[in-house]
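Student: I'd like to ask some things about the structure below.
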Amino acid sequence: IVHAEMCDDWGYGKLHESFEKRAIDEMKHAEQLIGRILFLGGKPIVSNLSNIHIGENVPKQVEYDRAAEESAIKAYNEAIALAAEVGDHATRDILIKILNDEDRHIDELEELLDQIEHMTLPIFLSTQVD
C-alpha cells in the first residue's frame, strides 16, 4: 500500500490503482488465512512479518513487489503440498485459490517490467498519469 500511495503522490494514478488493488488482494488473503487458522483452533501470529522493501522509484517498487510475489508463490506451493500430505483438503483449496491470485499478481508485475523495458521509463510513466 505504501507503493500505491507513493505513486498517487507522484501523480501516477493508474499505477496507484493497480498497486492498491494488489494490496487489497493481499489483505484479503491474510484475512482468509487468519480465519482458517482460527477455525482450526490455532492462534494466528502476525508479529513475525517478512522484511518489506520500499522502492524509491517505480522500477524498484515493481521489482521489490515481484520478488515478494515470488517468495509468496514458493511458500504457498510448499503449504499446499503440506496440506495435501496431511489430508487437509479444505486448507489446500484455500491456498490454491490464493496461489492463483499470486500467479496473476506476478504476471501483472512482469508485464509492467516488460513495458518499462520496451517503452523506456519516461514514456511508460507518461502512460500512468490519469
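The values are calculated or read from the model by the stated rules, or taken from the named source; none is laboratory data. Bear in mind the structure is a predicted one, so any value in this text is a computation, not a measurement. Here the Cβ is made from the backbone with ideal geometry for all residues, glycine too, and neighbour counts use every protein chain on show. Note: accessible area is taken over every heavy atom of the protein model, side chains too, but ligands, DNA and RNA are not part of it. Shrake-Rupley method; radii C 1.70, N 1.55, O 1.52, S 1.80 Å.
Student: Restrict the check to the range 39-49 and report whether at least one residue is modelled with pLDDT of 95 or more, open to solvent by 60 Å² or more (accessible area, probe 1.4 Å) and either of a type in the set (A, V, I, L, M) or within 23 Å of L125 (Cα to Cα) (or both).
Tutor: Yes, there is a match, as at least one residue in the range 39-49 is modelled with pLDDT of 95 or more, open to solvent by 60 Å² or more (accessible area, probe 1.4 Å) and either of a type in the set (A, V, I, L, M) or within 23 Å of L125 (Cα to Cα) (or both).
Student: Pairs only if they're at least six apart or on different chains, beta carbon under 6 angstrom, first in the range 70-87 and modelled with pLDDT of 95 or more, second among the acidic types (D, E); list them, first residue then second.
Tutor: A72/E102; I73/E102
Student: Same structure again: Regarding I52, is this residue within 14 Å of the chain's Cα centre (by Cα), within 30 Å of G13 (Cβ to Cβ) and at pLDDT below 95?
Tutor: On the way: within 14 Å of the chain's Cα centre (by Cα): yes; within 30 Å of G13 (Cβ to Cβ): yes; at pLDDT below 95: yes.
For I52, the condition - within 14 Å of the chain's Cα centre (by Cα), within 30 Å of G13 (Cβ to Cβ) and at pLDDT below 95 - is met.
Student: Do any residues in the range 2-19 that are within 17 Å of I123 (Cβ to Cβ) have Cβ atoms under 9 Å from those of residues that are among the small types (G, A, S), where the two are at least six apart or on different chains, and which pairs are they?
Tutor: C7/G13; C7/S18; L15/A4
Student: Within the group E69, E56, E78, which residue is open to solvent by 90 Å² or more (accessible area, probe 1.4 Å) and either touching a Cys at 6+ places or on another chain (Cβ under 8 Å) or within 17 Å of L113 (Cα to Cα) (or both)?
Tutor: Working: E69 fails: open to solvent by 90 Å² or more (accessible area, probe 1.4 Å); E78 fails: either touching a Cys at 6+ places or on another chain (Cβ under 8 Å) or within 17 Å of L113 (Cα to Cα) (or both).
Going through E69, E56, E78 in turn, the sole match is E56.
Student: A follow-up question, please. Mind checking which residues of the range 22-48 are more than 19 Å from the chain's Cα centre (by Cα), part of a helix (DSSP H, G or I) and touching a residue at least 40 places away in the same chain (Cβ under 8 Å)?
Tutor: R36
Student: Those residues that are open to solvent by 20 Å² or more (accessible area, probe 1.4 Å), assigned to a helix (DSSP H, G or I) and of a type outside the set (A, V, I, L, M, F, W, C), I need them from the range 1-21; list them, please. Steps first, please.
Tutor: Taking the range 1-21 as the starting set, the residues that turn out to be open to solvent by 20 Å² or more (accessible area, probe 1.4 Å) are 1-2, 5-6, 8-12, 14, 16-18, 20-21.
Checking which are assigned to a helix (DSSP H, G or I) leaves us with 2, 5-6, 8-10, 14, 16-18, 20-21.
Within the range 1-21, E5, D8, D9, K14, H16, E17, S18, E20, K21 meet the criteria.
Student: What about I94, is it on the phi < 0 side of the Ramachandran plot, touching an Asp or Glu at 6+ places or on another chain (Cβ under 7 Å) and open to solvent by less than 60 Å² (accessible area, probe 1.4 Å)?
Tutor: On the way: on the phi < 0 side of the Ramachandran plot: yes; touching an Asp or Glu at 6+ places or on another chain (Cβ under 7 Å): no; open to solvent by less than 60 Å² (accessible area, probe 1.4 Å): yes.
Against the criterion (on the phi < 0 side of the Ramachandran plot, touching an Asp or Glu at 6+ places or on another chain (Cβ under 7 Å) and open to solvent by less than 60 Å² (accessible area, probe 1.4 Å)), I94 does not qualify.
Student: Moving on to the next point. If you go through the range 33-80 one residue at a time, how many are among the polar types (S, T, N, Q) and touching a helix residue (DSSP H, G or I) at 6+ places or on another chain (Cβ under 6 Å)? It would help to see each step written out before you state the result.
Tutor: Taking the range 33-80 first, the residues among the polar types (S, T, N, Q) are 47-48, 50-51, 57, 61, 71, 77.
The next check asks that each one be touching a helix residue (DSSP H, G or I) at 6+ places or on another chain (Cβ under 6 Å); those that pass are 61.
Qualifying residue count for the region: 1.
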